[in-house]
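The values are calculated or read from the model by the stated rules, or taken from the named source; none is laboratory data. Just so we're clear, the structure is a prediction, and the values are computed from it rather than from any experiment. Backbone-built Cβ (ideal geometry, glycine too); neighbour counts: all protein chains shown. We work out accessible area using only protein heavy atoms, side chains counted, and drop any ligands, DNA or RNA first. Shrake-Rupley method; radii C 1.70, N 1.55, O 1.52, S 1.80 Å.
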Amino acid sequence: MADSLVERRSIDVVPDDERHGNAFSQFTLWLGANLQITAVVSGALAVIFGGGAFWSLIGLLVGNLLGGAVMSLHSAQGPRLGLPQMISSRAQFGVRGAVVPLLLVVVMYVGFFASGSVLAGQAVGELTHLGQTPGILVFAVITALMAAIGYRVVHVLGRVASVVCALAFVYLGIRLLDRIDLGAALADRAFDLPMFLLAVSIAASWQLAFGPYVADYSRYLPRHTSARATFWWTLAGTTLGSQWSMAFGVLVAASAGEAFLDDQVSYVVSLGGTGLIASLLYFVIALGKLTINVLNTYGGFMSMVTGISGFRGQRALSQRGRSAYIAVIMVAGTAVALLGKDTFLTSFKDFLLFLLTFFTPWSAINLVDYYLISRERYDIPALSDPDGRYGAWRWDALSVYAVGIVAQLPFLATTFYTGPLVEPLGGADISWVIGLLVPALLYWLLARRDTTHVPTATITSPDRIPAG
């Protein structure tokens, strides 16, 4: 049983005889991962920072669809390559050059682990009567243990959470609609472009942040799995789950105001009732956060291994090494959670928007290379060889990545930095749009001039010569 449950693979290719499952597994995983309290808080931010409920709901839907489509294009790479998402970045940035976006990816995982632990800590603290700080610590340890088991437990959690959390959100939605006047909450139809774009950006950043690890959870699907099926099931799960949670957050924030701001978890639970029902809801909140935080921890350790192995020539990882990397993510994320738990809402909003600055250029470059330049053909052994086809550093992609980041700065709006073009746009933050379009176009123009790094067919072993 241990052999079948505890994952043996890490950054190495998943062989065809170990592939299993179907594309529908992506729906349950991403539905369960998004039906959770941090997504509720993310939706609430659109109202808390000044938006009306009606246009916030529409803006969030637009952002979830746009960001979810980009994220789902990454997901479709998993069955084809059988590789973790960030390993494939070596084809664009070089075997060692991929460490540049990887450093930022690891920061992202630590940040999401921390933000999730703050809210889960509140739930675990209430459920166990230990308080928030011990709750954060207990939750962090359980998360690390689940992540150490690996891929199978991630999907089991996704299936369980998709059912349990969906039932809980239906119940909470009914209770919320009993307490508020929905017509009054949606009565304000005044359109405010900056606030609308803030809602779009919040949802898009939520989805795009999954991009660096989404293929990690589709890479065990059989190679013949339809890319379209993987794309659409991923998009359906992530859009439905996130929009459902965020819409709930919008209505809660629009109706509750300060009561929600004071303690997000307790207020949501109070909608459901007291006693046994409250305990069950605290458990559901912790379960939802466990699902996504296991993803973040798993993705964090995979990204760390990918970055370091590019310099060490590592192609696989021992169980002991796996546990060590996971422990590093857990300790770092828990420390950030304990330090930032008292300023969570403001910090989290800025964290989401700031992350977008670094991940939209990476997504643009990766997707343009995979679908338009390489056309899904990679030399997989060369992804571990700095002297091979992709080299150690690909300066064209790294330069485009840097330009993509810099191009966004004039359009970026956060509490610690606001670009000079934000005010002329009425305070709207459109940096993520620039971060997708500019590097996508630049990389396409540069990479199409020299395709010597592109094999005529996917190479899966060093001794295989591609057909054609």
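Return the pairs, sorted by first residue and then second, in which the second residue is open to solvent by less than 10 Å² (accessible area, probe 1.4 Å), the first residue lies in the stretch 48-73 and is among the hydroxyl-bearing types (S, T, Y), the beta carbons are less than 8 Å apart, and the residues are 6+ apart or on different chains.
Taking only residues 6 or more apart or on different chains, the pairs are S56/G43; S56/A46; S56/A199; S56/V250; S72/V214; S72/T230; S72/T234; S72/T238.
Between a first residue in the stretch 1-23 that is under 20 Å from A147 (Cβ atoms) and in a helix (DSSP H, G or I) and a second residue that is of a type in the set (K, R) and at pLDDT 75 or above, which pairs have beta carbons less than 8 Å apart while being 6 or more apart in sequence or on different chains?
These pairs meet every condition: S4/R152; L5/R152.
Being within 19 Å of the chain's Cα centre (by Cα) and either surrounded by fewer than 13 Cβ atoms within 10 Å (Cβ to Cβ) or not in a helix (DSSP H, G or I) (or both) is the filter here; which residues of the stretch 146-198 pass it?
Of everything in the stretch 146-198, just one residue is within 19 Å of the chain's Cα centre (by Cα) and either surrounded by fewer than 13 Cβ atoms within 10 Å (Cβ to Cβ) or not in a helix (DSSP H, G or I) (or both), namely G150.
Please specify each residue of the stretch 244-265 satisfying the condition of being open to solvent by 30 Å² or more (accessible area, probe 1.4 Å) and either polar (S, T, N, Q) or in contact with a His (Cβ under 7 Å, 6 or more places away or on another chain) (or both).
Correct list: S255 only.
Working carefully through the options T452, T414, T456, find the one that is surrounded by 14 or more Cβ atoms within 10 Å (Cβ to Cβ) and of a type in the set (S, T, Y).
Among T452, T414, T456, only T414 is surrounded by 14 or more Cβ atoms within 10 Å (Cβ to Cβ) and of a type in the set (S, T, Y).
Restricting the search to the stretch 206-226, which residues are out of contact with any Asp or Glu (no Cβ under 8 Å at 6 or more places or on another chain), crowded, with 18+ Cβ neighbours inside 10 Å and farther than 24 Å from V62 by Cβ?
A215, D216, Y217, S218, R219, L221, T225
Restricting the search to the stretch 83-102, which residues are at pLDDT 90 or above and touching an Asp or Glu at 6+ places or on another chain (Cβ under 7 Å)?
A91, Q92, V95
Confirm whether R90 is among the charged types (D, E, K, R), open to solvent by less than 30 Å² (accessible area, probe 1.4 Å), in a helix (DSSP H, G or I) and within 25 Å of P439 (Cα to Cα).
yes
Give the residue that is surrounded by the fewest Cβ atoms within 10 Å (Cβ to Cβ), with candidates limited to residues of the stretch 266-286 that are among the polar types (S, T, N, Q) and assigned to a helix (DSSP H, G or I).
S279
Quick one: R322 ticks every box in (1) at pLDDT 85 or above; (2) of a type outside the set (A, V, I, L, M); (3) farther than 30 Å from L66 by Cα except a single one, so which number is it?
Against the list (1) at pLDDT 85 or above; (2) of a type outside the set (A, V, I, L, M); (3) farther than 30 Å from L66 by Cα, R322 comes up short only on (1).
Report, by residue number, each residue of the stretch 413-437 that is assigned to a loop (DSSP other than H, G, I, E, B), touching a residue at least 40 places away in the same chain (Cβ under 8 Å) and not aromatic (F, W, Y).
Passing the criteria: T414, T415, G426, G427, A428, D429, I430.
For residues in the stretch 45-82 being crowded, with 24+ Cβ neighbours inside 10 Å and in a loop (DSSP other than H, G, I, E, B), which is modelled with the highest pLDDT?
This residue is A76.
Looking at the structure I just gave you, is S10 open to solvent by less than 10 Å² (accessible area, probe 1.4 Å), of a type in the set (G, A, S) and farther than 25 Å from A286 by Cβ?
When the stated conditions are applied, S10 passes them.
So for the stretch 400-410 (the condition being under 25 Å from the mean Cα position of the chain (by Cα), in a loop (DSSP other than H, G, I, E, B) and farther than 25 Å from T306 by Cβ), does at least one residue qualify?
No: the stretch 400-410 contains no residue that is under 25 Å from the mean Cα position of the chain (by Cα), in a loop (DSSP other than H, G, I, E, B) and farther than 25 Å from T306 by Cβ.
Taking the stretch 27-46 on its own, how many of its residues are under 16 Å from N296 (Cα atoms) and polar (S, T, N, Q)?
Looking only at that region, the number is 3.
What residue, among those in the stretch 94-145 that are polar (S, T, N, Q), in contact (Cβ under 8 Å) with a residue 12 or more places away in the chain and over 18 Å from A324 (Cα atoms), is surrounded by the most Cβ atoms within 10 Å (Cβ to Cβ)?
So the residue we want is S117.
For the stretch 199-254: of the residues being of a type in the set (S, T, N, Q) and outside any helix (DSSP H, G or I), which is farthest from A364 (Cα to Cα)?
Checking each candidate, the answer is T225.
Within the stretch 228-261, can you find the residues that are of a type in the set (G, A, S), over 17 Å from L182 (Cβ atoms) and in contact with a helix residue (DSSP H, G or I) (Cβ under 7 Å, 6 or more places away or on another chain)?
Passing the criteria: A236, G237, G241, S242, S245, A259.
Hey, G300 hits all of (1) surrounded by fewer than 24 Cβ atoms within 10 Å (Cβ to Cβ); (2) farther than 19 Å from C165 by Cα but one; which does it fall short on?
Unmet for G300, out of (1) surrounded by fewer than 24 Cβ atoms within 10 Å (Cβ to Cβ); (2) farther than 19 Å from C165 by Cα: (1).
Looking at L356, L372 in this structure, which one is open to solvent by 20 Å² or more (accessible area, probe 1.4 Å), in a helix (DSSP H, G or I), touching a residue at least 40 places away in the same chain (Cβ under 8 Å) and not hydroxyl-bearing (S, T, Y)?
After applying the criteria, what remains is L372.
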